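The values are calculated or read from the model by the stated rules, or taken from the named source; none is laboratory data. Just so you know, these numbers come straight off a predicted model, no measurement behind them. Ideal geometry is used to build each Cβ from the backbone, glycine not excepted, and the neighbour counts take in all protein chains shown.
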Amino acid sequence: EANIKYNDYNVTFFPYKFDINGSGASNSAILPGVGINHQLIDTTNSFFVYMADINNTDDENMSYHLDGSIAALGENNVTLNNFVDKCYATNLTITIQTTNRDLNDTEGNHVNFIAKFHDLNKTTAQPIASLDINRTDIAPNTVQFSFDTNESHFYKTSNGSIDTYLNLNYQKNVSRTVNPKTVTFLSYGVDCKTGVNCFFNADLITNKTPKMQKDLNTTIPIQFYYGRAHAGKQRYVVPDDAPYKANIYYEIYCFGAGCDANTSIKPVNTNLLHVDDIRWYQNTLHSPSNDGNATAVFEQDGINKVIPTYPFPPLWNSTKPATVQLTYDGSLGYPYTTTMEVNASGWLIYNEDDANATTNSFQVEYNKAGSKWSGEHETNATTDTNGSIKTNRRTMW
């Protein structure tokens, strides 16, 4: 019709709310968890995380986790499948509220707090590398921790909902010890990065936004521990001490200011459980399946005169550490002293002299029963100075 006038109108679409509570069909609530298996946090247990360098992909699962869906919903709790990239999706800001996270190591260096956010492919449940977000919270660590996503996280096949992992931890340096730190995670919030871009009028409210905030079990503190897998020096009399067993303990560092003044940050029943160093406590709450373990023992420099035999690691409980049997073939005579290396999860490595260490180490010494020879062996092993029988023992402080 010649007299009909056509007008173009700009239509802007807003979600009614962002869902992080699993309200929409097929969406999962953001839930906190810890450790390798993302063990869900509840109100009946104590929870801890070993400090780890989660910039290393192999160590990232040792974290405090916040996993679940972020979905754009309408007022009727239906997921909006037009909230996708190159349509109505927008950039988001995710904000984590915590108690004070500021932390220094025992040399006074600031310890960074790291977040790694993954958007998961809904088909394979694998992270989409191009959408990963890495954020390091440098000094000082404040109570609010925020980072931004972009609209491309809501790729078209996601239909308005994204499945996410958020991993959080203090960055570990394997040569710098850190006293335990208690952090309570308070809330997880989602909002449009630019608030005015999401203002709309609804429910008799002007400039309403779809932001959502979720409580994160604010009564449950999380302990962050600096850990190691450790064996003390072993001394054996051959053949009296056969089989020649060494115990591998899972320990945490806790010493001086920030530790003794606050015994509540120590693991349960650890006040007297030292192996050979008063700065380190056995972690009786350690579970290898969720907290990592020692995986192999071998002689340093490939000498292969001491042969490890297993079972190793055995099932863990509070009174039985992991055990390995170390048999010396005797080919280099007696006494014989050497260094053994322990392969372990990255967050259980500690070497005060080598920031690039990938194993832990301990010494073993073999003496022949009834030996009368005294002096210093050519390998610098101190020999039996009185010719008396020795028993297998660890060097204690």
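Please name all residue pairs, on different chains or six or more residues apart, with Cβ atoms under 9 Å, provided the first residue is in the range 84-101 and is among the acidic types (Asp, Glu) and the second residue is not in a strand (DSSP E or B).
Asp85/Asn150; Asp85/Glu151; Asp85/Ser152; Asp85/His153; Asp85/Phe154; Asp85/Tyr155; Asp85/Lys156; Asp85/Ser158
Assuming Gln223 fulfils every condition listed in (1) part of a loop (DSSP other than H, G, I, E, B); (2) touching a Lys or Arg at 6+ places or on another chain (Cβ under 8 Å) apart from one, which condition is it?
Answer for Gln223: the failing condition is (1).
Please specify each residue of the range 263-277 satisfying the condition of being of a type outside the set (A, V, I, L, M) and modelled with pLDDT of 85 or more.
Residues satisfying the conditions are Asp276, Asp277.
Which of (1) surrounded by fewer than 17 Cβ atoms within 10 Å (Cβ to Cβ); (2) under 19 Å from the mean Cα position of the chain (by Cα); (3) closer than 20 Å to Pro210 by Cα does Asn76 not meet, given it meets every other one?
(2)
Taking the conditions exactly as written (of a type outside the set (Phe, Trp, Tyr) and touching a Cys at 6+ places or on another chain (Cβ under 6 Å)), does Thr90 satisfy them or not?
So Thr90 passes the test.
Name the one entry in Tyr6, Tyr16 that is more than 35 Å from the chain's Cα centre (by Cα) and surrounded by 13 or more Cβ atoms within 10 Å (Cβ to Cβ).
Sole residue among the options that is more than 35 Å from the chain's Cα centre (by Cα) and surrounded by 13 or more Cβ atoms within 10 Å (Cβ to Cβ): Tyr16.
Just one of the numbered conditions (1) modelled with pLDDT of 95 or more; (2) more than 30 Å from Tyr310 (Cβ to Cβ); (3) of a type in the set (Ser, Thr, Tyr) is not true of Thr182; which one?
Evaluating Thr182 over (1) modelled with pLDDT of 95 or more; (2) more than 30 Å from Tyr310 (Cβ to Cβ); (3) of a type in the set (Ser, Thr, Tyr) leaves (1) as the failure.
Quick grid of which residues meet (1) of a type outside the set (S, T, N, Q); (2) under 21 Å from Glu299 (Cβ atoms); (3) in contact with a Ser or Thr (Cβ under 7 Å, 6 or more places away or on another chain); (4) at pLDDT 95 or above:
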residue	(1), (2), (3), (4)
Thr358	no, yes, no, yes
Glu378	yes, yes, no, no
Ser388	no, no, no, no
Thr395	no, yes, no, no
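Report the residue count in the range 46-56 for those that are in contact with a strand residue (DSSP E or B) (Cβ under 9 Å, 6 or more places away or on another chain) and more than 19 Å from Tyr250 (Cα to Cα).
Adding up the residues that qualify gives 2.
Could you tell me how many of the residues in the range 150-200 are buried (at least 19 other Cβ atoms within 10 Å of the Cβ), in contact with a Cys (Cβ under 9 Å, 6 or more places away or on another chain) and more than 30 Å from Asn109 (Cα to Cα)?
Result for the range 150-200: 3.
Quickly run through the range 25-55 and pick out the residues that are over 17 Å from Thr218 (Cα atoms), out of contact with any Gly (no Cβ under 6 Å at 6 or more places or on another chain) and surrounded by fewer than 21 Cβ atoms within 10 Å (Cβ to Cβ).
Result: Ala25, Ser26, Gly35, Ile36, Asn37, His38, Asp53, Asn55.
Within the range 212-220, identify whether any single residue is at positive phi and surrounded by fewer than 22 Cβ atoms within 10 Å (Cβ to Cβ), and answer yes or no.
yes
Which residue pairs have Cβ atoms under 7 Å apart, sit 6 or more places apart or on different chains, and have a first residue in the range 222-234 that is among the basic types (Lys, Arg) and a second that is assigned to a strand (DSSP E or B) and surrounded by 24 or more Cβ atoms within 10 Å (Cβ to Cβ)?
What qualifies is Arg228/Glu251.
Would you be able to tell me the number of residues in the range 278-307 that are closer than 17 Å to Ala344 by Cβ, part of a loop (DSSP other than H, G, I, E, B) and at pLDDT 90 or above?
Number satisfying all stated conditions: 1.
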